[in-house]
Amino acid sequence: MIIIFPLFHSCGKPKNNYEFVLPSPDSKIHIYFNLNKGEPYYLIYYKDEIVIGWSLLGLTLNNQVKLTEGLSVEKTESNSVALDESLKVKGGFSMIKNYNESVIFLKRDSPPQEQFALVFRAYNDGISICYFFPENKNEGNVLILSEDTQFDLYGADSSWQVSDAKEPLYTLNDKETEPEMYLPVSFASTQGTMITISETEVTGFPAMKLQKRILSRPSYSLQPQKFRSSDYITIKRNTNSPLRIIIITDNE
């Protein structure tokens, strides 16, 4: 049984252990969020199956400030949107802007006490995740050195096959053989599910790729295509980072 909506509320005080679940409007997709001892994770159900297992979220900012640990939840906000228009996604995909949204405001407990928010949206045909930096005492823009969003497809490595990638598979160098793929990338499961990992609203951001983290598992991380200072991005406060999109459908 999947619990829906009861965890939409504002926190009375900051918490470093916190969880909630966000359903899509048709309840076929559910996003679970868990802040476990200050580390943020998410998990995705499609129908009655887990398709993405617990995967780490977060960013690394200027001065190597990691927003993947030592966090607490300050408050949450929820919203529902139903518009008769489409969200255009890289790769020629689109999703109708009919979604439930939850915004989790987080604070880094140790100095510098950076504040940011994770924004989850559950559509009928996928989900989006982005990061938001409100105005706070740390004035100026926010330099993102790396984005640590991960995608741990659920099950054994043999359960998922790359069905479509916009570029061939690459190797990092002669000593490392982990495949890396430019977005968007589609995966087909032996259970009949198709997952496409893509992005939108990326103007001014470096091109991203998926890089396999664990060779024996279908586990991937999001990385810029090259690792140079010019590949990092400075965003203004009160501005969302690009939407990281996961489109989920039956593999027909």
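Structure summary
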item: Residue selected from region 32-75 under the condition more than 22 Å from residue 148 (Cα to Cα) and out of contact with any Lys or Arg (no Cβ under 8 Å at 6 or more places or on another chain), by the criterion surrounded by the fewest Cβ atoms within 10 Å (Cβ to Cβ); result: 48
item: Test: residue in region 108-120 that is farther than 21 Å from residue 51 by Cβ, of a type outside the set (Gly, Ala, Ser) and touching a Ser or Thr at 6+ places or on another chain (Cβ under 8 Å); result: yes
item: First in region 53-77 and closer than 15 Å to residue 233 by Cα, second anywhere and surrounded by fewer than 16 Cβ atoms within 10 Å (Cβ to Cβ) and among the small types (Gly, Ala, Ser), Cβ under 7 Å, 6 or more apart; result: none
item: Elements of type strands (runs of 3 or more DSSP E) contained in region 43-91, each with 3 or more residues being out of contact with any Phe, Trp or Tyr (no Cβ under 9 Å at 6 or more places or on another chain); result: 71-89
item: Failed item in (1) under 17 Å from the mean Cα position of the chain (by Cα); (2) within 27 Å of residue 143 (Cα to Cα), with residue 21 passing the rest; result: (2)
item: Tally of residues being surrounded by fewer than 20 Cβ atoms within 10 Å (Cβ to Cβ) and either small (Gly, Ala, Ser) or at pLDDT below 85 (or both) across region 181-201; result: 2
item: Set 33, 105, 93, 20: member being among the hydrophobic types (A, V, I, L, M, F, W, C), closer than 23 Å to residue 135 by Cα and at pLDDT 90 or above; result: 105
item: Hits in region 46-64 (condition: of a type in the set (A, V, I, L, M, F, W, C) and over 14 Å from residue 106 (Cα atoms)); result: 50, 51, 52, 54, 56, 61
item: Filtered residues of region 218-248 (kept if at pLDDT 90 or above and either surrounded by fewer than 16 Cβ atoms within 10 Å (Cβ to Cβ) or not in a strand (DSSP E or B) (or both)); result: 218, 242
item: In region 198-220, the residues that are polar (S, T, N, Q) and in contact (Cβ under 8 Å) with a residue 60 or more places away in the chain; result: 198, 200, 219
item: Top-ranked residue in region 96-122 [being among the polar types (S, T, N, Q) and touching a residue at least 60 places away in the same chain (Cβ under 8 Å); ranked as surrounded by the most Cβ atoms within 10 Å (Cβ to Cβ)]; result: 100
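The values are calculated or read from the model by the stated rules, or taken from the named source; none is laboratory data. Values in this document were obtained by computation on a predicted structure and should not be read as measured data. Reconstructed Cβ throughout: ideal geometry from the backbone, glycine too, with neighbour counts over all protein chains shown.
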